[in-house]
Amino acid sequence: MSDPTPPPLLSVRNLRIEFPTRRGTLVAIDDVSFDIARGEVLGVVGESGAGKSLTGAAIIGLLEPPGRIAAGEILLHGDPIHRLRPDQMRHIRGRRIAMIFQDPLTSLNPLLTIGQQLGETILTHLDVDEDGARKRAIALLDEVGIPAPAERIDHYPHQFSGGMRQRVVIALALCAQPELIIADEPTTALDVSVQAQIITLLKRLCREHDTAVMLVTHDMGVIAETADRVAVMYAGRLAEIGPVRAVVQTPHHPYTRGLMGSIPVLGADIRRLVQIDGAMPRLNAIPPGCAFNPRCGAVFERCRSDRPDLLPAGATRAACWLFDAGHASEQTR
Amino acid sequence: MTAFIRTPPATLPVTPAAPLLRVENLKCAFDVSRPFLNRVLERQPRRFLKAVDGVSFEIARGETFALVGESGCGKSTVARLIVGLYESTDGRIVFDGQDVGQIRSGAQMQALRRRFQMIFQDPYASLNPRWRVDRIIAEPIRVFRLIDDSTAIQARVAALLTLVGLSPADGHKFPHEFSGGQRQRICIARALANNPEFLVCDEPTSALDVSVQAQILNLMKDLQDELGLTYLFISHDLAVVRHMANRIGVMYLGRIVEIAASRSLFEDPRHPYTRMLLATIPDISMTGTREETVRGEVPNPITPPPGCTFHPRCPLANERCKREAPALAEVSPGQFAACHAIGEGRAHGGAIQR
C-alpha cells in the first residue's frame, strides 16, 4: 500500500494546521501523515475536536480562515494541491475530489430542484449538453436508489426524507466520477435503519466506481463495517493507523484500546465499560510529549517530554513509546 | 456471533410484583392543524399527530426499563408525559400505587414530584448558562424546601458534586467552563438533589463522545447500585440499551411493538421491526457481513399507514396487517409482541441470523 512507485492517490505529508488567535497560535493538526490508495476506504475516527473533519476540509481546500496550512503538503497523484489558487482548486474540487457533508438538510440548496443542482455540477465538470446532463442525473438518482427518478428529479430538497436527501447528496458527489470522496460523518444525522442503508449504498457504489473514500466518523461500528484501513486521531495527531481488523480487534495504542473498550458490545455482558478518565485536552493546553500522557495508564517518563512518532506495533503503527525498541529492551532487562 | 454471546446471569425478575411505575394505555396527540382561518377557507379538518398511541408498561423498583426506537417513534414524549412536562390525552400513569391524573391538591402533587427527576439529552441546553453550578444543583433542594439552612445546602451540594465525580470547588464555576461529559455529571447531580427514587433519562449520552459516554454509563450504574434508583432509559442506541437495561420496550410510530427482558430481546427478537433494528447494528466484532434486510424509512406520523403501522416495511405483511392493528400478546414467558404474523405462525421462530 505504501509502495513509493507510483505515488498513491492521495498523500498527506506532515500536515500542520494552525489557527492564529489573539491569545497565541492554536495547532489544530500537528504533523499528520497518511496515504490513501486507489479505491481504498480509509476510516478516520476520533472524538469531537480531534481534528478529523479539519483534515478532510484541508484536503479539499475548504479550510476556513483564520485556519491555515502552516507546514506539510497534500499530494494528489504526487502533485501538490495545497497551494493551488482558488480557480485551480475548482477544477479539482467536485471533479477529482468530492465531498459528502454530515447534514443532508443544509448541504442542498432549498431553492433549486434536485435536477438543477445535479445538472450544475455535471455541466461544470463534464463535457455534456443539458439533455445529456439531465439523462446522467436521472441515471445517478436511479443508481443511488431513489424510486421514480425521472419524476423526482424536478422535486425540491424539502420533498425528500432525510435518508433520500443523503442519497441525493451521494449522487451529487458521484456525478463527476471523482477519484476520492471525503465523507464527513455521512450518517450521523440519520436514524439507525437509514444509516445502515446509506453505508451499504456508499460501500457498493465506491467499489463499483473504484472510488477511494476518506470516511470521517466518530462511530467505530460504521468504520468496522466499511473501511479497509483506519486512522485514529487524538488532539490533532495520529494515534494509530493500520488495517481495520487489526485496529478494531487488536489495537495497540492505549488510547485506541480504551476507545474500543468503551463501546458497549452486544452479546457481551460487561458489568462496567472500560473508561478513559478525563477528557481530550483543549487545543490551547496540549501537554508536552505524547498528547495522551495525562490520561494514559501505561505512562512513563519519556511520554511526558518526547513526542512519539508512529512506530510499528503488530499489524498497525502506533504513536506510542511502548513500541520503541529501546523501551522494550529496558523492560526485559 | 453466537460464540460471542455469553449467557448473562439470570438475576432479574421478569414480571414485577408491585411496580414502581405503571403506565396504562397512555395516549398523547398534538394538534398540528393549520391556523383557524386557513382551515375555514380551505375546508380542512383539524389534524392531530398521535405521538403516543396506547402505550402500556410497568417498571419494577430498582430495575432499568428502556424504550428504544427511531426518531419520531414517541419515546421522548412518553418520558415527558411521565414527568408531567406534557399532558396526556388519555390513559393512566400510576406511580407507586397513586394515579397521577387523580391528584388534585398541589401539596400532594409536589410530594409525588419530589420522588422523580429527569436527565435531558443535551447537557449544553439543559443548564442555565448564567447560574453558577452550586445554584443549579441547589435549585431542587430550594424548590422542594428540603433543607432551609444555607450552609447545610452548601454541604449537600458539595456531597452531590463528589458523588458524581466532580470536585466541591467546581460549584463556583459556570456551566461553560465544563466539557460535555462534566456537564452531564452536573445534570445528574441536579437530578439527584431531591433524593428521587425514579429517574427518567432521555438519551443521556447521545450528545457525548464514546469514551465520555462510557464514563457516564458507568456512573449511572454505580449510582443505581448505591442509591437503589429505578431508571426509565430512553435511547436510540441498541448497544447502549443492551448494556444498561433489564427490560426493553421497542417503539414504532407511537406504539410499543415488543417488550421483553433485555437478554431475550437480543437473543430471540420476535417482532419484524425489532429484527430489522438489530440488523442495523454495525457488527464491530467483524464476524461476517450483514444481510441486506433493512429497507424503507419511518413514515410521516401525521398520516400513519392503516392497520399495523409497520406493514409497508415488513417482509411478513399480508392483507390482515394492512387492515387491523395488532395488540401486544405474550409470545413467550415475559416477552410480548404486537404482530399478526407471530400469532398466525407466519413468522419463523428462532434467533435472527446475523
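Quick note: the coordinates plus some simple rules give every number you see, no bench work behind them. Worth saying up front: this structure is predicted, and the values here are computed from it rather than measured. FYI the Cβ positions are ideal-geometry reconstructions off the backbone, even for glycines, and counts take in every protein chain you see.
Things to note:
- Sequence-separation-based contact order of chain A, relative, with Cα cut under 8 Å and 6+ spacing, percent: 19 percent
- Ellipticity at 222 nm from helices only: DSSP H runs of n ≥ 4 in the protein assembly as shown, each -39500 (n - 2.57), divided by the residue count, give -9000 deg cm²/dmol.
- Charge tally in the Cβ shell below 13 Å around residue B:265, where Lys, Arg are +1 and Asp, Glu are -1, residue B:265 excluded: +2
- Full extension of the chain between residue B:42 and residue B:303 gives 92.1 nm of extra length, using 0.36 nm per residue less the Cα-Cα distance.
- DSSP beta bridges confined to the protein assembly as shown are antiparallel in about 60 percent of cases.
- Dipole magnitude for the stretch A:200-303: computed about the Cα centre from +1 point charges on Lys and Arg Cβ and -1 point charges on Asp and Glu Cβ, it is near 160 debye.
- Computed from backbone phi with θ = phi - 60° and the Karplus coefficients 6.51, -1.76 and 1.60, the 3J(HN,Hα) list for the stretch A:191-203 is 5, 4, 6, 6, 3, 4, 5, 5, 5, 4, 5, 4, 4 Hz; x is used for glycine and proline.
- Each Lys and Arg adds +1 at its Cβ and each Asp and Glu adds -1 at its Cβ; summed about the Cα centre, chain A shows a dipole of about 800 debye.
- Trypsin sites (Lys or Arg not before Pro) lying in DSSP loop within the stretch B:52-159, provided at most 11 other Cβ fall within 10 Å: B:104, B:130, B:145
- Proxy reagent accessibility, fewest Cβ within 10 Å first, across B:150, A:48, A:262: B:150, A:48, A:262
- Three-way shape call for the stretch A:160-207 based on the alpha-carbon gyration tensor, with the a/c threshold at 1.5: prolate
- Taking B:309, B:89, B:274 as the candidate residues, the one with maximal mean-square fluctuation in a Gaussian network model of chain B, Cα springs under 10 Å, is B:89.
- Volume per residue that the Cα convex hull of chain A spans, once the total is divided by residue count, Å³: 156 Å³
- Nearest-20 debye value, chain B charge dipole, Cβ charges on Lys, Arg, Asp, Glu: 760 debye
- Restricting the stretch B:88-147 to chymotrypsin sites (Phe, Trp or Tyr not before Pro) that sit in a DSSP loop and have at most 15 other Cβ atoms within 10 Å of their own Cβ leaves B:124, B:131, B:144.
- Interchain or long-range residues, amide H under 5 Å from residue A:230's placed H: A:43, A:242, A:244
- Neighbour-limited loop hits for GluC sites (Glu not before Pro), the stretch B:60-115 (at most 16 other Cβ within 10 Å; DSSP other than H, G, I, E, B): B:87
- DSSP-defined antiparallel bridges as percent of all bridges, chain B, nearest 5: 60 percent
- Vicinal HN-Hα couplings computed from phi for the stretch A:87-94 (Karplus, 6.51 cos²θ - 1.76 cosθ + 1.60; Hz; Gly/Pro x): 6, 6, 5, 5, 6, 8, 5, x
- Bridges between two residues of chain A, per DSSP, are antiparallel at a rate of about 60%.
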